[in-house]
Amino acid sequence: MARITCAALTKKYGDVVAVDALDLEIAHGEFMVLLGPSGCGKTTTLNMIAGLEEISAGRLSFDDAEVTWTPPHRREVAMVFQSYALYPNKTVRENIASPLPLRRQPAAAIDSAVAAAAAQLEITHLLDRRPNELSGGQRQRVALGRAIVRNPAVFLMDGPLSNLDATLRLSMRGLIKRLHQDLKSTFVYVTHDQAEAMTLADRIAVMRGGLIQQLDTPEGIYERPANLFVAGFLGSPPINLIEGVMAGGAFSRGGWRLALPNPPADGRSVTLGLRPEDVMVAAPGLARLDARVELVSPLGSETHLDVVAEGGLKLTLRVPKEWRAAVGDQIGFGIDPARLHLFDRASELRL
């Protein structure tokens, strides 16, 4: 295991700043996920930790040893890529074993390490096949096995499940989670998939424009997003964002008013965030909103409703499958003010 410390880590390509003075400490044995859209700097950060990108400014340390200028092969890291990066002319056994001859390990030790990794990944029966005889999920297991046999201090993973279908992604997420629990190593994982991040991470660093927008547990980021970007990036369907102003201690939009706990000052322009699942059957004591159903999307375990409320306000709701609604129906639903999120419209920061 290793503790990773990024101190004002910066990467520039000419005048373009890809990562901007990033400060991040990853604990021993932690599963850290770097989450964000394409171009946010997450893969560049991972590559700097791996030594595959030269650091423009700042310092990088593993435990108490600075590795800013240490070459990749001396950093005791193993990297798993989206593209698998397997040798097509080698068998699974040879691909998994490929890092070990460079360490001058005896043949018996290599065979033992390969057998143990293959058993852990449930691919023992594939050891004599070549990559073109494997499915995508099997190839990614081979790539994981090649990383495991190195017994690295740090596992670095760059979107390893992006090429897999939905069912395989689900099973591979479980496998990676179990590997982390068994190996107790430090994992740094890059993805734009919020489901992967929420499922795998001990903590998530949400990135945008080379900066960390929020660093917290999955629950903390989902329940207490620091700004509008984080609120909108996590959640499926996305959070509903409603613009309005504070008036008389309540959120006001057109003719709809909603009393809030600890309201900000009157006259302030704000954006109210309502998660699609945070609606319930209208009941006394809850704020009520009436709307017309425009689209019904049954998903088996739940139903998504696209509705239009007063003043043309369009919302998406995620409701239990027991809710019965048809296009054109008028429905009323309750909102618990304690479940809402409030942001300043100018700064986009959470209030």
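The values are calculated or read from the model by the stated rules, or taken from the named source; none is laboratory data. Not measured: the values here are computed from a predicted model. So basically every Cβ, Gly included, is an ideal-geometry build from the backbone, and we count neighbours across all protein chains shown.
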Of the numbered conditions (1) assigned by TED's automatic domain parsing to the domain that holds ARG324; (2) at pLDDT 95 or above, ASN227 satisfies every one except a single condition; which is it? (1)
Taking the range 198-225 only, how many residues are assigned to a strand (DSSP E or B) and touching an Asp or Glu at 6+ places or on another chain (Cβ under 6 Å)? 1
Would you confirm whether or not the range 278-294 contains a residue that is on the phi < 0 side of the Ramachandran plot and without any contact (Cβ under 8 Å) to a residue 12 or more places away in the chain? yes
The one condition in (1) assigned to a helix (DSSP H, G or I); (2) modelled with pLDDT of 95 or more that ALA195 fails to fulfil: (2)
Being farther than 16 Å from PRO238 by Cβ and surrounded by 12 or more Cβ atoms within 10 Å (Cβ to Cβ) is the filter here; which residues of the range 299-318 pass it? THR303, VAL308, ALA309, GLU310
If I ask for residues that are crowded, with 18+ Cβ neighbours inside 10 Å and within 13 Å of ILE335 (Cα to Cα), which ones from the range 257-277 would you list? LEU258, LEU260, LEU272, GLY273, LEU274, ARG275, PRO276
Those residues of the range 278-290 which are out of contact with any Leu (no Cβ under 7 Å at 6 or more places or on another chain) and surrounded by 15 or more Cβ atoms within 10 Å (Cβ to Cβ), in sequence order: ASP278, ALA282, LEU286, LEU289
At least 3 residues that are farther than 24 Å from GLY235 by Cα in each: list the strands (runs of 3 or more DSSP E) lying fully within the range 1-47 that qualify. 4-13, 16-26
So for the range 5-22 (the condition being in contact (Cβ under 8 Å) with a residue 40 or more places away in the chain, of a type in the set (Lys, Arg) and exposed (fewer than 15 other Cβ atoms within 10 Å of the Cβ)), does at least one residue qualify? yes
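Listed here are the residues, each with its yes/no results for (1) hydrophobic (A, V, I, L, M, F, W, C); (2) under 27 Å from VAL67 (Cα atoms); (3) more than 16 Å from the chain's Cα centre (by Cα).
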{"residue": "ARG139", "(1), (2), (3)": "no, no, yes"}
{"residue": "VAL190", "(1), (2), (3)": "yes, yes, no"}
{"residue": "ALA201", "(1), (2), (3)": "yes, yes, no"}
{"residue": "MET207", "(1), (2), (3)": "yes, yes, no"}
{"residue": "ALA231", "(1), (2), (3)": "yes, no, no"}
Are any residues in the range 26-51 charged (D, E, K, R) and more than 21 Å from PRO71 (Cα to Cα), and if so, which ones? GLU30
Among the numbered criteria (1) surrounded by 19 or more Cβ atoms within 10 Å (Cβ to Cβ); (2) in contact with a Leu (Cβ under 9 Å, 6 or more places away or on another chain); (3) hydrophobic (A, V, I, L, M, F, W, C), which one does ALA97 miss? (2)
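For every residue, the table says whether it meets (1) surrounded by fewer than 18 Cβ atoms within 10 Å (Cβ to Cβ); (2) at pLDDT below 95; (3) among the aliphatic types (A, V, I, L, M).
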| site | (1), (2), (3) |
| --- | --- |
| MET32 | no, no, yes |
| PRO37 | yes, no, no |
| CYS40 | no, no, no |
| MET48 | no, no, yes |
| GLY51 | no, no, no |
| ALA57 | yes, no, yes |
| SER61 | yes, no, no |
| GLU66 | yes, no, no |
| PRO72 | yes, yes, no |
